[in-house]
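See below for the structure under consideration.
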Amino acid sequence: MADMANSNTDAKTNRVKLASFNLFNYIEPPLAYYDFENIYSAEQWQKKQSWLTEFLAQHQPDIIGLQEVFSAKALAEQMRAAGYAHFAVVDEPSVIDDYICRDPVVALASKYPFTEVTAIEAEPEYIFGLGLNANFAFSRKPLRVTVQLPQIGLCDIYVVHFKSKRPHLDELPAPKFVQAATRTSAAPLVNFGELLGRNSLGQWASSIQRGSEAVLLLHAMLQRRIETNQPMVLMGDFNEELTSSVLSPLTNRELRFEKEGLGELANYPLTDGYKLFQQGLQDLFGDKASDASADEIAVEEERMLAKARASRAPTHYYGAQGNVLDYILLSADFDPSFDNSVAEVCDYHTEDRHLVNPSFERDSQSSDHAPVVCTLRIRR
């Protein structure tokens, strides 16, 4: 019986659970988000905080990246009460008219201590090299926290919330039909062709912003990797499918026209945590070295096969269309096929009940995103 207890303890101590969660307007009243009417009542605020507390209690992530944070102090207090002694934030939202807020920030809470906290800034020389406006900046400052993980050591964890797909129209000139109406003082006529054209321009502007944020952040991450060779985790709301052309550089594994040093290149790419989870399940099916009984193996393989067959759950819905927008990407240190890996992904879960089967009483103040949870098993 004692041996079984020790085995269960070992199984817990050699695991690290990561999570990423877009909180959807986490803002303490009497502050309002975007508009003076968007103020939570005391009951709504209590329900929003309770939903997060229940999620943490049920899934117990060791480290959680958080997006859409307006009230960082209130969040830090809630996380501390839930057992997260370490909390980091590097920016603050904009405040308009004393209590209306915009531009929420990202944060990270952890049960493990930090050694460094910093904001990622876009470097001017690369802004210029990409042909961007000299005033270019991340729509939300990415956060890097160096965390002391058990048995692994120092690990750089990045939290992001890339630019949304909402058309970016701020830099575009006023529509021509509005300009003409202004000159004649007549009521503007709606020109739907003009609106469609501006919408297309605005969507492309958002894509340029989002893609630029992704490659500038990746470059900063790789520079850090070169300097420290520490494991890396990138988590957050990417606001687009990872396979899109805009975000594909984040998981690029090739050097075009360069065939030398391909072995060394393996040290640098990021991999989707869900992909590593699927690969781990496939590898386990072929593992016949277990000392477990045949019945135990059959039950375990059936459980994992059910997971493997399940399609990846969307983390956000736009109307009836579901998309995976929230990700946890991992460096080669968490890929068993890499010679120097220290851990592997043993579970990956999307908590989407509040999206696909919501209860008003339970979920009315939850989020429009599903949290993702990734469990690492340390191999040392």
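Looking only at residues of the range 52-78 that are in a helix (DSSP H, G or I) and open to solvent by 30 Å² or more (accessible area, probe 1.4 Å), we find that the one that is nearest to V106 (Cα to Cα) is K73.
Where residues in the range 79-125 are assigned to a strand (DSSP E or B), farther than 25 Å from P30 by Cβ and among the aliphatic types (A, V, I, L, M), which of them is most open to solvent (accessible area, probe 1.4 Å)?
V117
When every residue of the range 32-50 is checked against the conditions, none turns out to be touching a His at 6+ places or on another chain (Cβ under 7 Å) and over 30 Å from I152 (Cβ atoms).
Take the range 315-372 and flag every residue that is of a type in the set (D, E, K, R) and assigned to a loop (DSSP other than H, G, I, E, B).
Step one: list which residues in the range 315-372 are of a type in the set (D, E, K, R), which gives 326, 333, 335, 339, 344, 347, 351-353, 361-363, 368.
Hits for the range 315-372 are D335, D339, E351, D352, D368.
With the condition kept exactly as written, say whether any residue in the range 176-189 is modelled with pLDDT of 80 or more and either in contact with a Ser or Thr (Cβ under 8 Å, 6 or more places away or on another chain) or farther than 21 Å from F21 by Cα (or both). Within the range 176-189, none of the residues are modelled with pLDDT of 80 or more and either in contact with a Ser or Thr (Cβ under 8 Å, 6 or more places away or on another chain) or farther than 21 Å from F21 by Cα (or both).
Within the range 341-380, being of a type in the set (S, T, N, Q) and touching a residue at least 12 places away in the same chain (Cβ under 8 Å) holds for S341, T350, S364, Q365, S366, S367, T375.
The values are calculated or read from the model by the stated rules, or taken from the named source; none is laboratory data. Just so it is clear, the model here is predicted, and its values are computed rather than measured. Counting neighbours? That spans all protein chains shown, and the Cβs are built from the backbone with ideal geometry, glycine included. To get the accessible areas, we keep the full protein, side chains included, count just its heavy atoms, and leave off ligands, DNA and RNA. Shrake-Rupley method; radii C 1.70, N 1.55, O 1.52, S 1.80 Å.
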